[in-house]
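Visitor: Can you read through this structure? Questions will come right after.
None of the figures in this text is laboratory data; all of them are computed from the coordinates on show. Just so it is clear, the model here is predicted, and its values are computed rather than measured. Here Cβ is always computed from backbone atoms with ideal geometry, including for glycine, and neighbour counts include all displayed protein chains.
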Amino acid sequence: MPWPRRAHPLRPACTAPPARQPRYSARMRLIITNGDCTTEGLQEGGVAGVLLPWRDVLHDGPVPAGPGLDELAEIRAGYLADRGWATYEETLADFRQRNALVRQWADFEEIVLWFEHDLYDQLQILEILAHFAGVPLGATRLRMLCIDRHPEVPGFRGLGQLSAEQMKALDGQETPVTEAQLALAARAWAAFRAHDPSDLLALAHATHLPLPFLAPALRSALELHPDARRGLPRLEIETLELAARGPCTVGQMFLDHQQLEDVFFVGDGSFLWRVLELCAGRAPLLRFTDGAPPPAEPLGMSAWNRELALTELGRSVADGDADVAGQRDYDRWIGGVHLQGRPRWRWDAQAGALRCASTSPS
């Protein structure tokens, strides 16, 4: 499977939610990370603390306004189970154990977040900090490490690239989470979960935010909406443009896509979902050159070594000559926005704005 695999497969830590986590020494710290690769690196580097990977791809699937951590865990577990990550019971057990550990903040002298700059991580940061924004932490310190580069890693893309020694060297470089950062996280998390993306758009264009990587990441989230000209989100357009270079395997296409953009991080599972969607429906834009239909098993794992090519319609979209917004069935969540049928919101890349489908770009 191609690297990186921070969020796939989801590896539940238990098969049933515990009644309560063990009580930890107040001299210990809880380290929340962006996934298993980072957690494993911290373990290998001997970084002290209770390690908690945040295993959720929040830019994929429903994150509606209203539900708290536990209720949202049920919604997310159902969506991820439908996608084939793990069973509903396994996924929900993992989320419940995660939430229970987070609620034991008083057992720790320090809670530390280890994340990076991309959309995947920034949304996880928002969920975690929005939770702590309403918690009186008292003597428990809340600190964060969030980076977009490393002097020893040219072309840095994520913490999972770092060696155990490099992670160990970063230990202690975390900075205190400020009240301004907590307030911003609460606002941005609510904006992402709202059914109207207007506040999210405002934050995406804001400058000098207390969370320095947030605005570019939120612009990437807005690019999950269909493009105003071609009717597909940026990821799918880029996928078609890669296919326009000539037939290649799904795995190679994923690796090529990783080189296009580092703010909008797409893991292997999310990428494969989108590829299989482009191959399906009443107006497919990609096809497998072997003539066989897209795989039906969860996550379509057998597809990685199969070769893809554009359909005739896909070629027109890749060339910018077709708008498929009304030709393909659309059912997708972007945070709290549920797009169905002909999408209501479309992203105008040139203007950096969201347009209602009935509104012509100015």
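Visitor: So how far apart, in nm, are the two label points at D82 and D290 if each is 7 Å from Cα heading toward Cβ?
Guide: With each label point 7 Å from Cα toward Cβ, the separation is 2.8 nm.
Visitor: How big is the charge dipole of the chain about its Cα centre, in debye rounded to the nearest 20, if each Lys and Arg gets +1 on its Cβ and each Asp and Glu gets -1 on its Cβ? Walk me through the numbers on the way to the answer.
Guide: Numbers: 36 positive and 47 negative charges, 105 e Å.
It works out to roughly 500 debye.
Visitor: Gap in Å between the Cα centre of the stretch 106-178 and the Cα centre of the stretch 26-60?
Guide: First find each Cα centre; the distance between them is then 9 Å.
Visitor: What list do you get for H131, H205, H117 if you sort them by fewest beta carbons within 10 Å? All intermediate terms of the calculation are to be shown ahead of the outcome.
Guide: Values: H131 19, H205 12, H117 23.
The fewest-first ordering by Cβ neighbours comes to H205, H131, H117.
Visitor: Given 0.36 nm per residue, what is the gain on full extension from E165 to D348 after removing their alpha carbon distance, in nm? Could the numbers behind the result be given before it?
Guide: Numbers: separation 183, 0.36 × 183 = 65.88 nm, distance 4.38 nm.
Separation in residues times 0.36 nm, less the Cα-Cα distance, equals 61.5 nm.
Visitor: Sort S163, S220 by Cβ crowding within 10 Å, fewest neighbours at the top.
Guide: Ordered by Cβ neighbours within 10 Å, fewest first: S163, S220.
Visitor: Between R143, R282, R98, find the one with the highest GNM mean-square fluctuation for the chain; connect C-alpha pairs within less than 10 Å.
Guide: Checking each option, the largest mean-square fluctuation is seen for R282.
Visitor: Put +1 on the Cβ of every Lys and Arg and -1 on every Asp and Glu Cβ in the chain; which of L272, S302, M144 then has its Cα farthest towards the positive end of the dipole?
Guide: M144
Visitor: Would you calculate the separation in nanometres between label points at V135 and S302, each defined as 7 Å from the Cα along the Cα-to-beta-carbon direction?
Guide: Taking the two extended label points, one gets 4.5 nm.
Visitor: Here's a follow-up. Provide T87, T239, T39 in ascending order of the number of other Cβ atoms located within 10 Å of each residue's Cβ, fewest first.
Guide: Details: T87 14, T239 28, T39 23.
Exposure proxy ranking, most exposed first: T87, T39, T239.
Visitor: Each label point is 7 Å from the Cα along the Cα-to-Cβ direction; what then is the distance between the points at M28 and E179, in nm?
Guide: My value for the distance between the label points is 3.2 nm.
Visitor: With the chain treated as a Gaussian network of Cα nodes joined by springs under 10 Å, which of R83, R149, R29 yields the largest mean-square fluctuation?
Guide: Result: R149 has the largest fluctuation of those listed.
Visitor: Quick one: length gained pulling Q259 to A309 fully straight, 0.36 nm per residue minus the C-alpha distance? The partial results should precede the final answer.
Guide: Numbers: separation 50, 0.36 × 50 = 18.00 nm, distance 1.99 nm.
Additional length available on full extension: 16.0 nm.
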